[in-house]
Each structure stands twice: as C-alpha cells, then as structure tokens.
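Trainee: The structure is given below, and queries will be raised subsequently.
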Amino acid sequence: LALATAFVRPRRLLILDEPEQRLDVEGVEWLGNRLKEELRDGLAIVLASHEPSLLAAIGAREVRLGERR
C-alpha cells in the first residue's frame, strides 16, 4: 500500500528502500517498468535494492556501499 501511495502523490523526488520486498516476479517487472516511466518523465529516484535485475531493468547507476575492492 505504501508503494502505491508513493506513485499517486505529487513529487519531484522518489526515495525507495527495497520496494521489491514482498513482490512476486511479475510485481518486480511491473515496478521496473513503472520506475522507467517515472525516470523518462523527469522524476529523480533514489533507490536502495538488493535486486540486481530491478536495477538493470531501469538502467540505474549503481553506488555500492561497503564494498571492498
């Protein structure tokens, strides 16, 4: 419900913390498509996720925290 609410409110920035939680495969696909649309419309998105396929689907630039090189 919170995720749906985030998409209907007026906003310029969308901050999401693991929005794919509790979504099935089709839900994650829907979310990726919706986020791509939002990006195309000029919305800024900050997203924390453990789902690489979601990040790849939206073409997100990744910043990895705590990774050692």
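Trainee: When the label point is put 7 Å from the Cα of Leu55 along its Cα-to-beta-carbon vector, which residues of region 1-41 have a backbone N closer than 16 Å?
Mentor: Flagged as within label range: 16-21, 32.
Trainee: With every protein chain left in place, what is the accessible area of Leu23 in Å² (1.4 Å probe, nearest 10)?
Mentor: So the heavy atoms of Leu23 present about 60 Å² to solvent.
Trainee: Solvent-accessible area of Glu62, probe 1.4 Å, all protein chains present, reported in Å² to the nearest ten, please.
Mentor: So the heavy atoms of Glu62 present about 90 Å² to solvent.
Trainee: Place a +1 charge on the Cβ of each Lys and Arg in the chain and a -1 charge on the Cβ of each Asp and Glu, then give the dipole magnitude about the Cα centre in debye, rounded to the nearest 20.
Mentor: That gives a dipole near 380 debye.
Trainee: Okay, next question. Helix 25-40 versus the longest principal axis of the chain: what is the Cα-based angle in degrees, 0 to 90, to the nearest 10?
Mentor: Relative to the chain, helix 25-40 is tipped by roughly 80 degrees.
Trainee: Let me ask something additional. Give me the percent of accessible area attributable to carbon and sulfur for the chain, probe 1.4 angstrom.
Mentor: About 51 percent, which is the carbon plus sulfur part of the accessible surface.
Trainee: Convex hull volume of the Cα atoms in the chain, per residue, in Å³?
Mentor: 99 Å³
Trainee: Further, regarding this structure: Using only the Cα atoms of region 30-69, what semi-axes does the equivalent ellipsoid have when each is the square root of 5 times a gyration tensor eigenvalue? Give whole Å, largest first.
Mentor: After diagonalising the Cα gyration tensor, the semi-axes are 21, 11, 7 Å.
Trainee: Run the quick spin-label model on Leu16 and Asp41: label points 7 Å from Cα toward the beta carbon, then report their separation in nm to one decimal.
Mentor: Each label point lies 7 Å from its Cα, and together they span 1.3 nm.
The values are calculated or read from the model by the stated rules, or taken from the named source; none is laboratory data. Nothing here was measured: the structure is a model prediction, and the numbers come from that model. Quick reminder, even Gly has a Cβ in these numbers, built from the backbone with ideal geometry, and neighbours come from all protein chains shown. The protein model used for the area step is the full one, side chains on, heavy atoms only, and it has no ligands, DNA or RNA in it. Shrake-Rupley method; radii C 1.70, N 1.55, O 1.52, S 1.80 Å.
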